[in-house]
1. Restricting the search to region 416-451, which residues are in a helix (DSSP H, G or I), exposed (fewer than 12 other Cβ atoms within 10 Å of the Cβ) and free of Cβ contacts under 8 Å to residues at least 24 places away in the same chain?
2. Please state which one of Ala254, Ala273 is touching a residue at least 24 places away in the same chain (Cβ under 8 Å) and either of a type outside the set (Val, Ile, Thr) or more than 11 Å from Ala242 (Cβ to Cβ) (or both).
3. Looking only at helices (runs of 4 or more DSSP H) that fall completely inside region 345-394, which ones have 1 or more residues that are among the aliphatic types (A, V, I, L, M), without any contact (Cβ under 8 Å) to a residue 12 or more places away in the chain and within 19 Å of Leu150 (Cβ to Cβ)?
4. Starting from region 303-315, keep only residues that are under 12 Å from Val232 (Cα atoms), then list their pairs with residues that are among the acidic types (Asp, Glu) whose Cβ atoms are within a distance under 7 Å, requiring at least 6 positions of separation or different chains.
5. Does region 389-410 include one or more residues that are of a type outside the set (D, E, K, R) and in contact with a strand residue (DSSP E or B) (Cβ under 7 Å, 6 or more places away or on another chain)?
6. So, in region 108-142, of the ones that are part of a loop (DSSP other than H, G, I, E, B) and under 19 Å from the mean Cα position of the chain (by Cα), which residue ends up surrounded by the fewest Cβ atoms within 10 Å (Cβ to Cβ)?
7. If we scan region 361-375, do we find a residue that is surrounded by 13 or more Cβ atoms within 10 Å (Cβ to Cβ), touching a Pro at 6+ places or on another chain (Cβ under 8 Å), β-branched (Val, Ile, Thr) and not assigned by TED's automatic domain parsing to the domain that holds Phe118?
8. Have a look at Ala284, Ala257 and point out the one that is more than 21 Å from Ala169 (Cβ to Cβ) and within 19 Å of the chain's Cα centre (by Cα).
Amino acid sequence: MSTLKRVFGFDQLRPGQERVISAVLAGRSAAAIFPTGSGKSLCYQLPALHLPHLTVVVSPLLALMQDQLAFLHRHGISAASIDSAQSREQVSETMAKARAGELKILMISVERLKNERFRNFISEVPISLLVVDEAHCISEWGHNFRPDYLKLPDYQRQFGISQVLLLTATATPPVIADMQTKFAIAAEDVVTTGFYRPNLNLLVEPVAGRDKQRRLEQWLGAKQGEPSIVYVTQQKTAEQVAEQLSQRGLSVSAYHAGMGHEIREAIQRRFMAGELGCIVATIAFGMGIDKRDIRNVVHFDLPKSVENYSQEIGRAGRDGEASDCLVLANRDSLNVLENFVYGDTPERSGIVRVLEEIRGNSSGGQWEMTVNALSDHSNIRALPLKTLLVQLELRGIIAPRYAYFAEYRFKYLVEPEALLGKFDGERRQFIEAIFTASTRARTWCTVDFDALYLSLIHI
């Protein structure tokens, strides 16, 4: 019995899968550009069981990792992740299993590759295959999503990983060419199956801005009980639209990056379990969501790009059943989209300031900086600034030596007095010292480490 049937329970492969899997098993790097829900993950999962050493998967989202791990464990495959939610002991246990050859698949975030402890570990473990999920983040479209994705080709060379598999559902021809070049993938091993999905009904309806909410309520009201996602551009819009839909009796919640991690996790779990019928979300809700029976995707605001649109409608109809994708189109939100574009595009003068900062403030070949301070000085937003620094690194102008927490912020989920009441003795003194040494703004508190040090030496 084949591995496909015995482990995964499938009788046959889907279009494109055989070419990709054959290339990987033959020892070649490959790229799979398939629509969402078409089985990209199997292209590394099946070969991993036949490759002699570890398969390392770089994934952009913790939720995506957890979803993949749950699938692998259900099929009896030895897989684990190393992520920020784990304790040092849990990370050490996973590393020990990998060293002992007890793992077939290890999932990490790209940022993990900057961690010195992990870098030392990964240099000691033989790796058969590096898998890059959402690989479009390597190229122009995804620069600001994960600047560190740009360094993956260098990491591949540094750690002597001979094979790479790139997976994405969103790649324009220039992006495909860029990915192919950066990882030296032969043209015949770049497999594209097309993006047409006949079960998706794509609709565009011109609606005046003042009428969008009313039309959305009408449209969703007729589809009560069908799992739905409504995409908006801004966090405040998500809150407002969700509140008004809730007042109309719909089972709905907002979802955006401004919410706490635990809250977002709870909302996602409820939606996946069918306890919540509709999510009104920013782009923060998308990748890693594998709910197969989503029947409706509505763009309340215009999507940021064709690639974004493709990703977002890709959440619908993953079970193959008919699903509707509606854009409520008008020009009202164009200025918001333009602000995103112009806000993320640095001025030439800002780039010059960064270069002058490097030249003028380096001492003995060493330059220390904090992203927030440099962002303020150069008038470049934090994410584009990180992209600029990565580009300077790739060109050999700067090289990282170490990183540390120069600034730390937190917010109170309960008031400080109530929190202090949960501790006694030295622990209470330590927590109290942190509170005393922190400046509280409207939401976030910033720790003054010098003040904290002075107070701690007297405890």
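1. Glu417, Ala418, Gly425, Arg427, Asp450
2. Answer to the check: Ala254.
3. Qualifying helices (runs of 4 or more DSSP H): 348-361, 382-394.
4. Sorted first by the residue in region 303-315, then by its partner, the pairs are Pro303/Glu312.
5. Narrowing region 389-410 to residues of a type outside the set (D, E, K, R): 389-392, 394, 396-400, 402-406, 408, 410.
Those left that are additionally in contact with a strand residue (DSSP E or B) (Cβ under 7 Å, 6 or more places away or on another chain): 408, 410.
Yes, region 389-410 contains at least one residue that is of a type outside the set (D, E, K, R) and in contact with a strand residue (DSSP E or B) (Cβ under 7 Å, 6 or more places away or on another chain).
6. Asn115
7. No, every residue in region 361-375 fails to be surrounded by 13 or more Cβ atoms within 10 Å (Cβ to Cβ), touching a Pro at 6+ places or on another chain (Cβ under 8 Å), β-branched (Val, Ile, Thr) and not assigned by TED's automatic domain parsing to the domain that holds Phe118.
8. Numbers: Ala284 fails: more than 21 Å from Ala169 (Cβ to Cβ).
It is Ala257.
The values are calculated or read from the model by the stated rules, or taken from the named source; none is laboratory data. No experiment lies behind these values; they were computed from the predicted model shown. Methodologically, a virtual Cβ is constructed for each residue, glycine included, from the backbone with ideal geometry; neighbour enumeration extends over all protein chains shown.
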